[in-house]
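> Can you read through this structure? Questions will come right after.
Bear in mind these aren't lab numbers, they're just calculated from the coordinates by the rules spelled out. Small disclaimer: the values here were computed from a predicted structure and weren't measured.
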Amino acid sequence: MPNTRRRLTGEVVSAKMQKTIVVSVATTRRHRLYGKVISTKKKYLVHDEHNQARPGDVVRIVESRPISRRKRWVLEAIERGGHSTAELREDVAALDAEVEEVTE
């Protein structure tokens, strides 16, 4: 029997809880009558057993049994890693140093 559980791809919005992340999934569809493109976002609480996802990561989640009151999804894979704020600060500091060298 094939695995028929739903899979979604979204971006990690928050990873402040233990073993739980918040994933925002954006979907677009056309209105039946008017044909206008409608985009919606929905947030899912996702079980992350090893606390490996960080905000900004693009992840694939899979439907599972209920784990808690609002948690019914499990992290399957991290598709693309995002930048943490510490990494961005380091990048900005390096760019500022290069700009100062050029302007002097």
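> Only Cα pairs within less than 10 Å get springs; with that Gaussian network setup on the chain, which residue of V46, V37, V25 has the largest fluctuation?
Taking springs between Cα atoms under 10 Å, the residue moving most is V37.
> Across all directions of projection, what mean area in square nanometres is found for the Cα convex hull of the chain? Before the final figure, lay out the partial values.
Numbers: hull surface 44.9 nm².
Answer in nm², one decimal: 11.2.
> I would also like to ask the following. Once the Cα atoms of helix 85-103 and of the chain are each reduced to a long axis, what angle between those two axes, in degrees from 0 to 90 to the nearest 10, is obtained?
So the inclination is approximately 30 degrees.
> Return a whole-number percent for the relative contact order of segment 1-84, with Cα pairs under 8 Å and 6 or more residues apart as the contact set.
29
> Once phi is turned into θ = phi - 60°, what whole-Hz ³J(HN,Hα) does the Karplus curve with 6.51, -1.76 and 1.60 give for every residue of segment 33-48, x standing for Gly and Pro?
Result, rounded to whole Hz: 8, 8, x, 6, 7, 10, 10, 10, 10, 9, 9, 10, 8, 10, 7, 10.
> Moving on. Of all beta bridges DSSP finds with both residues in segment 7-103, what is the antiparallel percent, to the nearest 5?
On the way: 26 of 29 bridges.
Percent antiparallel among DSSP bridges in segment 7-103 is about 90.
> Follow-up. For S68 and K41, compute 0.36 nm times the residue count separating them, minus their Cα-Cα distance, and round to one decimal in nm. Show your work: numbers first, answer last.
Details: separation 27, 0.36 × 27 = 9.72 nm, distance 2.19 nm.
Between S68 and K41, full extension yields 7.5 nm more.
> Let me ask something else. Can you tell me which aspartates and glutamates have their Cα less than 17 Å from the Cα of K19? Leave out same-chain residues fewer than eight positions away.
Hits, sequence-local ones excluded: E11, D48, E49, D57, E63, E76.
> Helix-derived [θ] at 222 nm for the chain: sum -39500 (n - 2.57) over DSSP H runs of at least 4, divide by residue count, nearest 500?
Working: 1 runs with 19 residues, N = 104.
About -6000 deg cm²/dmol.
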